[in-house]
Amino acid sequence: MNCIMKKINWILPMCAFAAAFTACNEETIDLYEVEDAKIYFQDQTYTNADGSAGYSTSTKFSFMGLDPEVWKDVVFKSPVKLMGAVADHDRYCTVTVDAENTTMVEGRDYEIDLDTLRIKAGENIGNFAVRFLRSKAIRDEALKLTLRLVPNENFTVLEKYKSSNSWANTTAKDIDGSRYTFTIDEIYSLDNLPGWNRVNATKYFGEWNPTKYSYINSFFGFTNDDWGHFETGKVTAARMPFYARQLQKELLRRFNEGNPVLDDDGSYMQLGEDYQVDYPTQE
């Protein structure tokens, strides 16, 4: 017998055992309605061989140490998934910026088009793209952008589910499927880059600043780890004179080609006293 069930209710008997047994209470739990189409944010973070998986609704990213001439911005997508039947037509989703949980400023820290999110015909997932700009504001603190899905004529929103699909995972936490949070920063601290002082890099490269540090890393292929607490063999005191001379030549070459490298304050990037770049005087 074929039965079409539009709604399933489980009735759980809640029986209270006391000294004098009196009655049973009934609690009704509404489950998923077949005709519903629910959407929710979900990013899969891992998958195990047994099929178990973990989920998240957040992305963290740091511009720290990345070449500022190449990494002027970055685009991330927040995956929106569908629970329910696919359709033979595109369906638009409603997404807003959760101002209460957002510290970024649109236009300065990010660019977004709130009208582009949709679940295409025959598909059960959509991706909402956000462009994050490398503003100076993220050097002071990690900034957040939180998006929120809102029910509309096409979809309701799944507001809660577990961070793992495994029943055996007893540490799985509840996730808010209606919200997705991006956290972006470029926070530097010489306390975390002891290699700079260890090799007396200021003598060769001049005073440290984020722009200079990022450009040096890009040019020589250094990473934050190379300047970290443990020596990797790349950043050594013995190599500093060579690195300074190479960087001096590169900065002058860029200037002569009409594409000078600018420092944090907009001036031509300069090095330590013994390795100053002799920029031609412009009349």
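One table, with the values for the structure above:
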| item | result |
| --- | --- |
| With Cα atoms, 0 to 90° folded angle of helix 210-220 axis to the chain main axis | 80 degrees |
| Tilt relative to the chain, helix 240-256 - C-alpha long axis, 0 to 90 degrees, to 10 | 90 degrees |
| Per-residue ³J(HN,Hα) for the range 181-188, Karplus 6.51 cos²θ - 1.76 cosθ + 1.60, θ = phi - 60°, Hz, x for Gly and Pro | 10, 9, 10, 10, 8, 8, 8, 10 |
| The range 67-149: Cα Rg divided by the 2.2 N^0.38 Å rule of thumb | 1.29 |
| Separation between Cα centres of the range 176-237 and the range 52-110, rounded to whole Å | 26 Å |
| Orientation-averaged projected area, Cα convex hull of the chain (nm²) | 26.0 nm² |
| If the convex hull is drawn through the Cα atoms of the range 120-243, its volume per residue in Å³ | 205 Å³ |
| Relative packing of 76-85, 48-57, which averages over residues the other C-beta atoms within 10 Å, highest first | 76-85, 48-57 |
| Sorted by Cβ density within 10 Å, fewest first, the residues Asp109, Asp225 | Asp225, Asp109 |
| The range 194-209 - phi-based ³J(HN,Hα) in whole Hz, Karplus 6.51/-1.76/1.60, Gly and Pro as x | x, x, 4, 7, 4, 9, 6, 5, 4, 4, 9, 9, x, 4, 5, 8 |
| Under 29 Å from Lys249, Cα to Cα: lysines that are on another chain or at least 8 residues apart | Lys72, Lys136, Lys203, Lys212, Lys234 |
| P(r) histogram, all alpha-carbon pairs of the range 190-275 included - 5 Å bins from 0, percent | 3, 15, 27, 28, 16, 8, 3, 0 |
| Percentage of interatomic Cα-Cα distances in the range 38-185 larger than 19 Å | 56 percent |
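None of the figures in this text is laboratory data; all of them are computed from the coordinates on show. These numbers come from a predicted model, not from an experiment. As a convention, Cβ positions derive from the backbone with ideal geometry for all residues, glycine included, and neighbour counts pool all protein chains shown.
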